Amino acid sequence: MKNSFIEYFVIIMIAFFSLNAQLFSQTKTFRELENKAFKEGEKLTFDVNYGFVTAGIGVMKIPRIKRISGREAYHVMFEVNTVPSFDWIFKVRDRYETYIDTKGLFPWRFEQHIREGNFTRDFSAFFDQRKGKAKTSEGEYEIPDDVHDIISAFYFTRTLDYSDMQIGDKIHLQNFYKDKVHDLDVKFRGRETIEVPAGKFDCIIIEPLVKEGGLFKHDGDIIIWLTDDDLKVPVKVRTKIIIGHVEVLLSKYEGLAGVLTSEK
């Protein structure tokens, strides 16, 4: 009986470890990246200027960390609304949401709801980063590892090191939108000290070469000024839209991940 029990026990253990080895081999190994730039509770408020007029207010915030697809994710929300006095000229009610993996800094879910004048667009996607699939209301599509949406790509760029970059250098990213994966290069354009309602800051300047799925229904270049420190807080965005240029200027900030050492 003793020998048969041992043999039985060994068989069970071999089967157990064999099964777990198979399961382990099927488990996706996600990247882990350092993030000193942002955290839960960050809230950035912007004046949206059209010409010399404050036409709207924008808010980017991370109100919570939420569990999605078995992983912890930053729930990021970005809203832009024109002020009532500007609505009769060109009414904007835009909202973006994304869920960014706290360790890998890639998205699990993305939503875009655009209301700009007579133009409307609604889009959502679930990124199955384990199986390499993007699932939308239109279908299911292949995606590469760590693919971004436009908002997660922006937050990811805040975590990068630009200290050794030269003007014209590019960072290559990819973002998924609608039904395909698009190249999303980010060009480094130099450094500049600028003043906005929230203060005066030393900044780095980047240009996302957006092909699809961008912020606003833009019609040209998008230039972004980020604080030249670990946080890389966006303090200014300038873009061309259908009816001219818009400048987005940081007016208030709270809940930052650290100190803005770039502030003058």
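Mind listing just one residue for me: the one in region 129-145 that is over 15 Å from residue 111 (Cα atoms) and in a strand (DSSP E or B) and, of those, most open to solvent (accessible area, probe 1.4 Å)?
Step by step, filter region 129-145, then rank; the result is 142.
Within region 52-60, does at least one residue satisfy the condition of being at pLDDT 95 or above, assigned to a loop (DSSP other than H, G, I, E, B), under 30 Å from residue 195 (Cα atoms) and over 18 Å from the mean Cα position of the chain (by Cα)?
Looking through region 52-60, none of the residues is at pLDDT 95 or above, assigned to a loop (DSSP other than H, G, I, E, B), under 30 Å from residue 195 (Cα atoms) and over 18 Å from the mean Cα position of the chain (by Cα).
Please verify whether residue 41 is open to solvent by 30 Å² or more (accessible area, probe 1.4 Å), touching a residue at least 24 places away in the same chain (Cβ under 8 Å) and among the small types (Gly, Ala, Ser), treating the condition exactly as stated.
So residue 41 fits the description; yes.
I need the full set of residues from region 110-126 which are surrounded by fewer than 20 Cβ atoms within 10 Å (Cβ to Cβ) and assigned to a strand (DSSP E or B), in order please.
111, 113, 114, 115, 116, 119, 120, 121, 122, 123, 124, 126
Identify the single condition in (1) within 18 Å of residue 68 (Cβ to Cβ); (2) loosely packed, with under 14 Cβ neighbours inside 10 Å; (3) among the hydroxyl-bearing types (Ser, Thr, Tyr) that residue 155 does not satisfy, given that it satisfies every other one.
(2)
Looking only at region 158-188, count every residue that is crowded, with 17+ Cβ neighbours inside 10 Å, charged (D, E, K, R) and without any contact (Cβ under 8 Å) to a residue 60 or more places away in the chain and tell me the total.
Summing the residues that are crowded, with 17+ Cβ neighbours inside 10 Å, charged (D, E, K, R) and without any contact (Cβ under 8 Å) to a residue 60 or more places away in the chain in region 158-188 gives 1.
For the condition touching a strand residue (DSSP E or B) at 6+ places or on another chain (Cβ under 9 Å), surrounded by fewer than 17 Cβ atoms within 10 Å (Cβ to Cβ) and either modelled with pLDDT of 95 or more or not basic (Lys, Arg) (or both), what is the one hit in 103, 91?
103
Considering 81, 35, which residue is of a type in the set (S, T, N, Q), in a loop (DSSP other than H, G, I, E, B) and either surrounded by fewer than 18 Cβ atoms within 10 Å (Cβ to Cβ) or modelled with pLDDT of 95 or more (or both)?
Of 81, 35, the one residue that is of a type in the set (S, T, N, Q), in a loop (DSSP other than H, G, I, E, B) and either surrounded by fewer than 18 Cβ atoms within 10 Å (Cβ to Cβ) or modelled with pLDDT of 95 or more (or both) is 35.
Enumerate the pairs (first residue in region 84-110 and under 20 Å from residue 41 (Cβ atoms); second residue anywhere and β-branched (Val, Ile, Thr) and assigned to a helix (DSSP H, G or I)) with beta-carbon separation below 7 Å, excluding pairs fewer than 6 apart on the same chain, so at least 6 apart or on different chains.
Short answer, once both residue conditions are applied: 96/151; 98/151.
If I go through region 47-70 residue by residue, how many of them are over 20 Å from residue 249 (Cβ atoms), of a type outside the set (A, V, I, L, M, F, W, C) and open to solvent by less than 50 Å² (accessible area, probe 1.4 Å)?
Of the residues in region 47-70, 2 are over 20 Å from residue 249 (Cβ atoms), of a type outside the set (A, V, I, L, M, F, W, C) and open to solvent by less than 50 Å² (accessible area, probe 1.4 Å).
Please verify whether region 164-174 includes one or more residues that are touching a strand residue (DSSP E or B) at 6+ places or on another chain (Cβ under 7 Å), part of a loop (DSSP other than H, G, I, E, B) and closer than 16 Å to residue 109 by Cα.
No, because not a single residue in region 164-174 is touching a strand residue (DSSP E or B) at 6+ places or on another chain (Cβ under 7 Å), part of a loop (DSSP other than H, G, I, E, B) and closer than 16 Å to residue 109 by Cα.
The values are calculated or read from the model by the stated rules, or taken from the named source; none is laboratory data. Because the structure is predicted, anything quoted here is derived from the model rather than measured. Heads up, the Cβs are rebuilt from the backbone with ideal geometry, glycines too, and the neighbour counts pull from every protein chain shown. We work out accessible area using only protein heavy atoms, side chains counted, and drop any ligands, DNA or RNA first. Shrake-Rupley method; radii C 1.70, N 1.55, O 1.52, S 1.80 Å.
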